[in-house]
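The values are calculated or read from the model by the stated rules, or taken from the named source; none is laboratory data. This is a predicted model, so every value here is computed, not measured. In this analysis, Cβ positions are derived from the backbone assuming ideal geometry, glycine residues included, and neighbour counts consider all displayed protein chains. Heads up: the accessible areas ignore ligands, DNA and RNA and are worked out on the full protein's heavy atoms, side chains in. Shrake-Rupley method; radii C 1.70, N 1.55, O 1.52, S 1.80 Å.
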Amino acid sequence: MRSRLFAPKVKASAHCDLPCGVYDPAQARIEAESVKAVQDKMAANDDAAFQTRAIVIKEQRAELAKHHVSVLWSDYFKPPHFEKYPELHQLVNDTLKALSAAKASSDPATGQKALDYIAQIDKIFWETKKA
């Protein structure tokens, strides 16, 4: 009896501990822009201490971008979105792989590829918001 009394009435899920319902691919884009910017700076500076700091920052930002893309995929996008956009699963997978590649590389082309994929997710995301 007591467990039913205190049981949650509504189940909710979100990307944080408090279901705020705020989702936006801009979070992933900003982190990925940081990855590419760091890659550009790495190409222009061969100081060992700078390179070490840049690698750490680039890897952290790439992980954050991956996190934000994963949250969109697991928490925001729902079956109707995947039905309307059947390419969405593959697009998210490609984006996560591109971010992993950018994390492991100092080549700005890898950062740009991740940004290009995120732009595609962004387009789909905002189309779903119109519906």
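Straight-line cross-link reach from LYS123 at under 27 Å between alpha-carbon atoms covers these lysines, not counting any fewer than eight positions away in the same chain: LYS36, LYS58, LYS66, LYS78, LYS84, LYS97, LYS103, LYS113. The value for the chain of Rg(Cα) / (2.2 N^0.38 Å) is 1.29. Relative to the longest principal axis of the Cα atoms of the chain, helix 108-130 runs at roughly 20 degrees. For ASP107, the accessible area of its heavy atoms, probed at 1.4 Å with every protein chain present, is near 80 square angstrom. Apolar share of the accessible surface for the range 23-130: 56 percent from carbon plus sulfur atoms, 1.4 Å probe.
The helix-based estimate of mean residue ellipticity at 222 nm for the chain, built from -39,500 (n - 2.57) per DSSP H run of four or more residues and divided by its residue count, is -23500 deg cm²/dmol to the nearest 500.
Sparse packing (at most 15 other Cβ atoms within 10 Å of the Cβ) combined with a DSSP loop state is found for the following GluC sites (Glu not before Pro) in the range 12-91: GLU87.
For the chain, the longest principal axis of the alpha carbon atoms and the long axis of helix 26-43 meet at an angle near 10°. Note the angle between two axes, namely the Cα long axis of helix 48-71 and the longest principal axis of the Cα atoms of the chain, as a number of degrees from 0 to 90, rounded to the nearest 10. With both axes taken from Cα atoms, the answer is about 20 degrees. In sequence order, the range 86-98 has phi-based couplings of x, 7, 4, 4, 5, 4, 5, 4, 4, 5, 5, 5, 5 Hz under the Karplus curve 6.51 cos²θ - 1.76 cosθ + 1.60, θ = phi - 60°, and Gly or Pro positions carry x. Between the listed residues LEU99, ALA43, GLN27, the Cα displaced farthest toward the positive end of the dipole of the chain, a dipole computed from Cβ unit charges relative to the Cα centre, is found at GLN27.
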